[in-house]
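Report on one structure; see the data block that follows.
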Amino acid sequence: MKLTLGFSPCPNDTFIFDALVNKKIDTEGFEFDTVLADVETLNEWALAGKLDITKLSFPAFFKSLTHYTLLPAGSALGKGVGPLLITDAKHEISNDEINQASIALPGANTTANLLFSFAYPEAKEKTFMLFSAIEEALVNKETDFGVIIHENRFTYQQKGLYKVTDLGEYWEKRMELPLPLGGIAINQSIKRSLALKINELIRKSLEYAFQNYPVIPDYVKQHSREMSEDVMRQHIDLYVNNYSLDLGDEGKLAIECLHRLFLELNNQEADDEDVLFL
């Protein structure tokens with residue numbers, strides 16, 4: 001059986017899926033037509049139900065519950081993993097200043113955008129761009145502030161930029177739960193029995209990666225050529241953990257809490273028919 005599978009070229013995703021897509025484990029008759037794309041592109045595709053299995057940000061998942069159900073394996077969720085609000089000037093910054101400033105964000109459907117809106121609900125002047133372009137936009141003074149994700153957490157200081165707010169820390173202090181960033185969702189057109197098998201394959205793929213770590217697979221290096229291996233490991237260590245093997249009760253509770261926040265910020269009511277988890 002052949003299925004379409006989308007995930008990002010970031011080290012955490014390629015680390016998780018390497019053994020699966022490159023058949024380092026027994027795929028039990030499943031074939032995967034893989035597409036690697038920026039997470040906001042994957043988010044937009046998810047809203048249309050384009051792929052069979054896809055990585056996506058949680059706000060995009062909440063918007064596509066008619067198409068997808070979340071798998072227990074493969075998620076990026078944890079503590080100390082949140083997006084950072086940064087700027088090019090080191091001085092005391094007030095909420096009023098942020099509310100009146102231009103903000104660059106990595107996509108309307110990203111968890112970063114949701115968390116920024118949670119922390120700064122009055123800030124309205126948003127610009128959405130590719131996550132990897134935000135640092136340069138700040139350096140070139142094309143925006144006043146930027147929200148960074150992924151490997152940019154490890155590089156912004158080298159470019160003379162400064163942290164204003166750790167948006168993940170803001171979430172953790174208020175919710176006392178780990179922060180859900182993104183997950184792996186499966187199209188509801190796929191039978192539950194098959195979805196469970198695919199989830200098990202993703203878990204086995206990650207277990208294979210963990211068994212061989214800290215060796216960086218060639219597949220990860222191939223898609224992260226501009227990163228040093230040290231940054232790749234920092235990325236993997238931050239975003240891939242036991243929640244990536246299985247969400248567990250705490251992981252699911254955190255996602256349910258984020259879903260309630262999403263509904264609140266978007267002035268929506270919960271739908272009793274919505275099913276989040278496989």
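Restricting attention to the range 109-136, and to residues there that are in contact with a helix residue (DSSP H, G or I) (Cβ under 8 Å, 6 or more places away or on another chain) and small (Gly, Ala, Ser), which single residue is farthest from THR165 (Cα to Cα)? Residue satisfying both the conditions and the ranking: SER132. Residues in the range 190-203 that are free of Cβ contacts under 8 Å to residues at least 12 places away in the same chain and of a type in the set (Gly, Ala, Ser): SER193 only. In the range 202-221, the qualifying residues are those that are in a helix (DSSP H, G or I) and touching a Ser or Thr at 6+ places or on another chain (Cβ under 8 Å), and the one that is surrounded by the fewest Cβ atoms within 10 Å (Cβ to Cβ) is TYR219.
Hey, could you check the range 37-56 for residues that are out of contact with any helix residue (DSSP H, G or I) (no Cβ under 7 Å at 6 or more places or on another chain) and buried (at least 23 other Cβ atoms within 10 Å of the Cβ) and say which is farthest from PRO106 (Cα to Cα)? Among those that are out of contact with any helix residue (DSSP H, G or I) (no Cβ under 7 Å at 6 or more places or on another chain) and buried (at least 23 other Cβ atoms within 10 Å of the Cβ), it is LEU42.
Criterion applied to LEU258, LEU238 was being within 24 Å of PRO72 (Cα to Cα), assigned to a helix (DSSP H, G or I), within 16 Å of the chain's Cα centre (by Cα) and modelled with pLDDT under 95, and the one residue passing it is LEU238. Hey, among LYS63, LYS55, LYS24, LYS79, which residue is touching a residue at least 12 places away in the same chain (Cβ under 8 Å) and in contact with a Pro (Cβ under 8 Å, 6 or more places away or on another chain)? On inspection, the qualifying residue turns out to be LYS79. Apart from one condition, THR34 fits all of (1) surrounded by fewer than 24 Cβ atoms within 10 Å (Cβ to Cβ); (2) in contact with a helix residue (DSSP H, G or I) (Cβ under 6 Å, 6 or more places away or on another chain); (3) within 30 Å of MET175 (Cα to Cα); (4) free of Cβ contacts under 8 Å to residues at least 60 places away in the same chain; the exception is (3). Only one of the numbered conditions (1) under 30 Å from ASN140 (Cα atoms); (2) over 12 Å from the mean Cα position of the chain (by Cα); (3) assigned by TED's automatic domain parsing to the domain that holds ALA209; (4) not basic (Lys, Arg) is not met by HIS91, and that is (3). Looking at (1) surrounded by fewer than 19 Cβ atoms within 10 Å (Cβ to Cβ); (2) polar (S, T, N, Q); (3) under 28 Å from SER224 (Cβ atoms); (4) assigned by TED's automatic domain parsing to the domain that holds ASP26, which is the only condition ASN199 fails? ASN199 satisfies every listed condition except (1).
Restricted to the range 119-132, and to residues there that are loosely packed, with under 15 Cβ neighbours inside 10 Å and modelled with pLDDT under 95, the residue that is nearest to the chain's Cα centre (by Cα) is LEU130. The set of residues in the range 43-58 being more than 24 Å from ASN242 (Cβ to Cβ) and in contact with a Leu (Cβ under 8 Å, 6 or more places away or on another chain) consists of ASN43, TRP45, ALA46, LEU51, ASP52.
The values are calculated or read from the model by the stated rules, or taken from the named source; none is laboratory data. These numbers come from a predicted model, not from an experiment. Neighbour counts run over all protein chains shown; Cβ positions are idealised from the backbone, glycine included.
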